[in-house]
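Only one structure is covered here, and it is reproduced in the block below.
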Amino acid sequence: MTNLLLIAIPIFRETLGSILAPLRFIFAFALICQVNMANSETIDVWFGTETPRDGLSQGIYHATLNTETGKLSTAELAAQLGSPGFLALHPQQQVLYSIGRVDNVPSVTAFRIGSRSGESLERIGVQPVGDGGATHLAVDATGSILLTAQYGAGSTALFPLTEDGNVLPRQQLLKHEGGSGVVERRQDASHAHWVGYSPDNRFAFVPDLGLDQVVIYRLDDPQTPSKLSPHGFGKCPPGSGPRHMKFAPDGKRIYVLNELASSVTVFDYDSDAGTMHPLQTIAALSEQQKAGEVMNSASEIHVHPSGRFVYSANRGHDTISRFAVEESTGTLQLLGHTPIRGGFPRNFNIDPSGRWLLAAGRDSHTIAVFQVDAESGQLRYMREMIMVPYPICVLFGT
């Protein structure tokens, strides 16, 4: 009997070990997953859209992005609105702003974001824009004013904001005069296309496609601005058609995207004087690449949070151009192009961590996820894509 026990005990231990080993692995794997989930963050993503008659879109859509995995949730309708287009967030309040049409009137609409992030949007205020309706909008760093750019009329408008983020009637309208006339029909008149602010909130900038200029306005008070005054302009190459622009993270450079020429103009920025001095203009697409498409036009530009890379979108070629930033001068070197896996990239955005780029295919009704390599700037398609109807704006929550 003793001999049998001496033989059986090692066999039992070996069998028990073989049974427990997979269980240990499963437990460890579950623990790792639990830690990773605890370390991951989910942020809101808002989508502005076009709403053509009998089209798929009904307004503003919302999803969430897992910043650990790059996975997007299914997009859901957050608010019904006619062609909400571009969106903006209040810097302190849980308020989202949109251009669009309310009762067929071009307006600026303010929405209170639901208590559970992204659950719903409650309309709290609407103001007519006038002057043909807005193309773009932006809120200043203090949450005191909202500016809009009117493409058709060639103007910039100022709307005061209340302390709780509601939008008040238009207080100021500044007309842009003339047009460069270089590109027939596109530049016969002014076309204000985008609006934004300097990092110190002293100046506002409006790239004007028709003028081949970035119009610069001075804010009366950086702490509580309430009025704009004409200040100057930055000059882009003739016929280039400036559309959108972004500051470098250190505020020393401005990168202006030229829609008509599919190029980027780099400016030195003097923050004391509020002036722009051109350094370089570089093509986003070669002439050979342009010749392979029926049409091409640049749509959006973003600077990586590290300041090392700049990205721009090409409609027609349906790619994202990747540029490296020369550290000492801020000038750009074209690295290559990444297909967006969709059609007509009207917009894209980079999440605040700099890890993920979301590309919006307007004609394909898609949002594709790319991982950004922090060292090379390369974009890696994650085989992650969701459906959003006619997306033309991608905005991350703060």
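The values are calculated or read from the model by the stated rules, or taken from the named source; none is laboratory data. Fair warning: this is a prediction, and the values are worked out from it, not measured in the lab. Don't worry about glycine lacking a Cβ; one is built from the backbone with ideal geometry, like all the others, and counts go over all protein chains shown.
Take the conditions (1) over 25 Å from LEU279 (Cα atoms); (2) surrounded by 19 or more Cβ atoms within 10 Å (Cβ to Cβ); (3) touching a residue at least 40 places away in the same chain (Cβ under 8 Å); PHE323 misses just one of them, which is (1). The residues on offer are ALA134, ALA138, ALA149, and the sole one that is in a loop (DSSP other than H, G, I, E, B), within 28 Å of ALA63 (Cα to Cα) and of a type in the set (Gly, Ala, Ser) is ALA134.
On the stretch given as the range 58-90, residues that are out of contact with any Lys or Arg (no Cβ under 8 Å at 6 or more places or on another chain) and farther than 14 Å from ILE386 by Cα total 14. Put simply, of PRO249, PRO237 the only residue that is more than 27 Å from ASP200 (Cβ to Cβ) and modelled with pLDDT of 95 or more is PRO237.
Of everything listed in (1) in contact with a helix residue (DSSP H, G or I) (Cβ under 8 Å, 6 or more places away or on another chain); (2) within 22 Å of ARG170 (Cβ to Cβ), the single unmet condition for GLU68 is (2). The single residue among ALA313, ALA374 that is assigned to a loop (DSSP other than H, G, I, E, B), aliphatic (A, V, I, L, M) and under 25 Å from ASP250 (Cβ atoms) turns out to be ALA374. Scanning the range 51-72 for residues that are touching a residue at least 12 places away in the same chain (Cβ under 8 Å) and either more than 18 Å from ALA368 (Cβ to Cβ) or small (Gly, Ala, Ser) (or both) returns THR51, PRO52, GLY55, SER57, GLN58, GLY59, ILE60, ALA63, GLU68, GLY70. Within the range 111-146, restricting attention to residues that are among the aliphatic types (A, V, I, L, M) and more than 21 Å from GLY397 (Cβ to Cβ), the residue that is surrounded by the most Cβ atoms within 10 Å (Cβ to Cβ) is ALA134. Criterion first (at positive phi and either in a strand (DSSP E or B) or among the aliphatic types (A, V, I, L, M) (or both)) does GLY70 satisfy it? Criteria not met by GLY70. Looking only at residues of the range 218-236 that are in a loop (DSSP other than H, G, I, E, B) and touching a strand residue (DSSP E or B) at 6+ places or on another chain (Cβ under 8 Å), we find that the one that is surrounded by the most Cβ atoms within 10 Å (Cβ to Cβ) is CYS236. Please find, within the range 244-298, the residue that is surrounded by the most Cβ atoms within 10 Å (Cβ to Cβ) out of those that are charged (D, E, K, R) and over 22 Å from the mean Cα position of the chain (by Cα). It comes out as LYS290. Residues in the range 199-217 that are polar (S, T, N, Q), buried (at least 20 other Cβ atoms within 10 Å of the Cβ) and under 18 Å from ASP250 (Cα atoms): there are none. Name the residues in the range 74-93 that are polar (S, T, N, Q) and without any contact (Cβ under 8 Å) to a residue 40 or more places away in the chain, would you? Across the range 74-93, the qualifying residues are GLN80, SER83.
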